[in-house]
């Protein structure tokens with residue numbers, strides 16, 4: 001069948017395979033149900049036609065019929081107006097493959113609308129891909145795929161602080177800015193964060209930074225210094241020692257382990 005790659009811009013996923021896969025929609029839906037990745041399929045007017053098991057589990061839904069044939073992504077006031085994705089969605093339904101980077105699923109909206117009783121997670125972020133399936137110039141479907149990169153649970157303020165750090169890892173660590181993002185003092189944030197996670201906000205920031213350095217070290221086109229520089233760090237700085245403390249390997253040893 002070929003590999004399924006979902007990023008039309010970076011060729012991370014080969015979306016050209018999707019039209020062939022949708023020749024038999026029933027068989028395609030049965031196949032997508034086996035994927036742990038959340039998939040949704042919409043008909044040309046924006047109405048939800050299909051959600052795979054991965055999407056149901058993500059949203060905490062037990063019955064697919066709750067939204068099928070009733071929810072319309074083009075008429076969703078939160079996604080289109082409050083979050084500002086109206087133009088992007090319209091592009092997809094005009095036949096253009098698009099991606100929303102750093103997308104935050106509005107799980108709270110499902111609770112507010114009474115669709116689910118409680119949030120299955122506090123917050124999450126990832127990339128949201130929309131790919132049109134066409135027959136000639138006629139639009140048949142828009143396939144939406146959500147690749148979750150991070151998910152946070154627990155106390156809402158702590159989850160939001162983690163989300164802020166995860167979105168600002170490339171910037172210099174600033175505990176005041178993190179605390180401001182959750183409307184509390186830096187000292188209170190520090191205390192609650194340590195109490196609920198066992199580590200400090202600074203520790204979480206450094207772990208997040210190390211995770212991104214690990215991703216860059218996996219890129220064979222970058223040497224070690226370039227991998228660190230891509231993450232806003234010097235390979236000879238303190239973060240290199242932190243890297244070894246967290247991973248158990250020096251950056252050089254980690255690169256060798258990968259190969």
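The values are calculated or read from the model by the stated rules, or taken from the named source; none is laboratory data. Predicted model, so just to flag it, every value in this text is computed and none were measured. Cβ atoms come from the backbone with ideal geometry, glycine included; neighbour counts cover every protein chain shown.
Residue count for segment 191-225 satisfying the condition of being surrounded by 14 or more Cβ atoms within 10 Å (Cβ to Cβ), within 26 Å of residue 256 (Cα to Cα) and over 24 Å from the mean Cα position of the chain (by Cα): 2.
Residue by residue, here is whether (1) closer than 25 Å to residue 31 by Cα; (2) not assigned by TED's automatic domain parsing to the domain that holds residue 234 holds:
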site: 96; (1), (2): yes, yes
site: 102; (1), (2): no, yes
site: 107; (1), (2): no, yes
site: 112; (1), (2): no, yes
site: 116; (1), (2): no, yes
site: 139; (1), (2): yes, yes
site: 146; (1), (2): yes, yes
site: 164; (1), (2): no, no
site: 176; (1), (2): no, no
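From the list 131, 50, the lone residue that is in contact with a helix residue (DSSP H, G or I) (Cβ under 6 Å, 6 or more places away or on another chain), touching a residue at least 60 places away in the same chain (Cβ under 8 Å) and over 24 Å from residue 156 (Cβ atoms) is 131.
Among the residues of segment 220-252, the ones that are outside any helix (DSSP H, G or I), farther than 21 Å from residue 167 by Cβ and out of contact with any helix residue (DSSP H, G or I) (no Cβ under 7 Å at 6 or more places or on another chain) come to 6 in all.
With respect to (1) assigned to a helix (DSSP H, G or I); (2) at pLDDT 90 or above; (3) surrounded by fewer than 16 Cβ atoms within 10 Å (Cβ to Cβ), the lone exception for residue 68 is condition (1). Listed conditions (1) in contact (Cβ under 8 Å) with a residue 24 or more places away in the chain; (2) in contact with a strand residue (DSSP E or B) (Cβ under 9 Å, 6 or more places away or on another chain); (3) over 17 Å from residue 40 (Cα atoms); (4) not in a strand (DSSP E or B) are all met by residue 105, apart from (3).
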